[in-house]
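Have a look at the structure below, then the notes.
The values are calculated or read from the model by the stated rules, or taken from the named source; none is laboratory data. Keep in mind that this is a model prediction, so the values were computed, not measured. A quick note on method: Cβ atoms are made from the backbone with ideal geometry, for glycine too, and the neighbour counts reach across all protein chains shown. Side chains included, ligands, DNA and RNA excluded: accessible areas come from the protein's heavy atoms. Shrake-Rupley method; radii C 1.70, N 1.55, O 1.52, S 1.80 Å.
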Amino acid sequence: MNQSQLNALVADDDPIAQGIVADQLRRLGAHSVRCVGSGKAAIETLQQDADINLLVTDLRMPDTDGIALLRQLEEFRLRLCVIIMSALGDKILRAAATIGIGHDLRIIGVAVKPVRFDQLRRLLESGAEGTIAPPASDSWSDVVPSDIRNALADGQYAIQVQPVIDALSLQLVSVEVLSRWTHPVLRHCAPGDVILAAEAHGLIMEVTRQALQGVGDNWPKWRSHGLCPKIALNISAHTLADLSFPDWVTAELDAYSIRPKDVIFELTETAMPADAPISLEVACRLGLYGFKLAIDDFGTGYANLTQLKDAPIQQLKIDKSFVEHIETSSDSRTIVESSIQLAHELGLTTVGEGVERPSQVELLRTLGCDHLQGYLFARPMPPAALADWARSFDPEALGLAPERPEP
Ligand code: G
Ligand code: MN
């Protein structure tokens with residue numbers, strides 16, 4: 001992240017804490033830092049100053065507290081990065097971050113007060129290049145249809161694939177298809193934002209069509225190398241509400257000789273067919289056609305047990321935020337363990353996301369997780385690189401040995 005582009009707002013009713021954080025941000029090279037003493041003042045300032053791209057906010061404040069502030073950021077479409085801090089401890093911070101993510105905010109981290117300099121530096125560094133939202137003029141709501149059409153036409157849109165492997169045999173079972181954009185003007189726009197813009201302008205099918213084309217173009221090559229991974233595609237609530245999608249996607253895939261049984265659609269929990277009869281209808285038809293459905297990022301949204309039981313879902317992907325601390329946090333471990341148990345009792349397979357260390361593999365295997373995905377095995381890669389990856393992938397080099405499933 002380029003700190004010289006950082007225009008920060010610190011919201012805290014305690015002037016001393018406010019001063020400490022502001023000073024730390026300046027020492028970290030922020031271009032400008034402003035401070036306010038309440039959530040209400042924060043909203044007013046953000047509405048006046050579109051250049052502010054980072055909010056560091058306390059939770060307990062007069063007027064509008066931090067949680068209400070997160071909601072108002074969404075209501076007023078103030079799309080900027082947020083760091084939440086509080087002296088109230090870890091649990092409330094994590095809850096606040098979850099609420100923020102639910103509001104579609106870019107929460108780049110949480111910090112227990114008093115915030116330490118190195119902690120703040122790490123949070124800012126971990127926000128990857130481009131994570132700091134640009135001023136409002138670059139935000140997705142200002143992306144016009146021609147930007148997207150041009151990006152699609154110019155080949156600035158490309159897919160990457162990330163392997164998912166069987167937890168016991170350590171063999172490739174599927175690849176998740178991820179959309180990547182490299183646009184000279186839209187470069188600040190996170191892929192998710194471009195998807196939002198594409199949806200808003202009715203161009204999401206074209207984006208999906210290009211993703212399918214990316215897969216279709218590589219499918220014969222993968223097969224020629226003896227690889228036949230299932231294809232996991234992310235679809236949004238918008239797509240799931242489109243009654244024409246099942247027939248359309250079946251025909252598109254058919255052109256590449258990809259069969260529905262080779263495809264898994266990943267839905268985020270927020271896209272789950274809750275009270276939306278049309279979504280349920282589309283989900284059911286996809287199931288009837290032979291596609292598999294997975295719930296993505298399980299644990300971060302609002303899927304309830306009835307939805308899990310009633311929706312035609314075959315797989316549950318456990319969010320990486322739980323896998324991340326599985327060795328050290330008993331809460332995380334309990335969540336992963338009960339998610340796996342619940343999934344299995346409902347007849348669903350499980351995928352552990354965000355696996356970065358062999359120790360996580362060991363635990364996930366012990367807990368009975370079926371499939372694994374994460375940087376430990378492979379980062380998302382261009383589709384043409386998959387065969388090379390498969391050839392050189394060596395679990396033993398990671399200290400892992402294949403196990404045979406129990407008979
Ligand atoms: O939400 P979904 O499951 O679609 O997320 C996929 C995202 O997760 C991709 O952007 C991918 O780069 C990222 N990802 C995949 N594996 C890992 C990992 O091991 N660690 C982290 N931090 N991110 C990962
Ligand atoms: Mn996914």
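Quick notes on this structure:
- Taking label positions 7 Å along the Cα-Cβ direction at both ALA387 and ALA68, the computed distance is 6.1 nm, reported to one decimal.
- Percent carbon-and-sulfur accessible area, the range 37-105, ignoring ligands, DNA and RNA, probe 1.4 Å: 48 percent
- Solvent exposure of the range 349-407 amounts to 53 Å² per residue of accessible area, where only protein heavy atoms count and the probe is 1.4 Å.
- Accessible area per residue for the range 1-49 is 46 Å², calculated with a 1.4 Å probe on protein heavy atoms, without ligands, DNA or RNA.
- Using a Förster distance of 22 Å, the FRET efficiency for GLU281-LEU346 (Cβ separation, nearest 0.05): 0.55
- Only lysines eight or more places from LYS292 in sequence, or on another chain, were considered; those with a Cα closer than 28 Å are LYS221, LYS230, LYS261, LYS309, LYS317, LYS320.
- Potential lengthening between ALA241 and ARG27 on full extension [0.36 nm per residue; Cα-Cα distance subtracted]: 72.2 nm
- Label zone of THR366 (point 7 Å out along Cα→Cβ, amide N under 17 Å): in the range 314-342 this covers 323-341.
- Cα→Cβ-extended label distance, 7 Å offset, between ARG122 and THR328, nm: 0.7 nm
- Two-site label geometry, ARG149 and LYS309: point separation in nm, points 7 Å out along Cα→Cβ: 4.9 nm
- Sites GLU206 and ARG259, calculated FRET efficiency, Cβ-Cβ separation with R0 25 Å, nearest 0.05: 0.60
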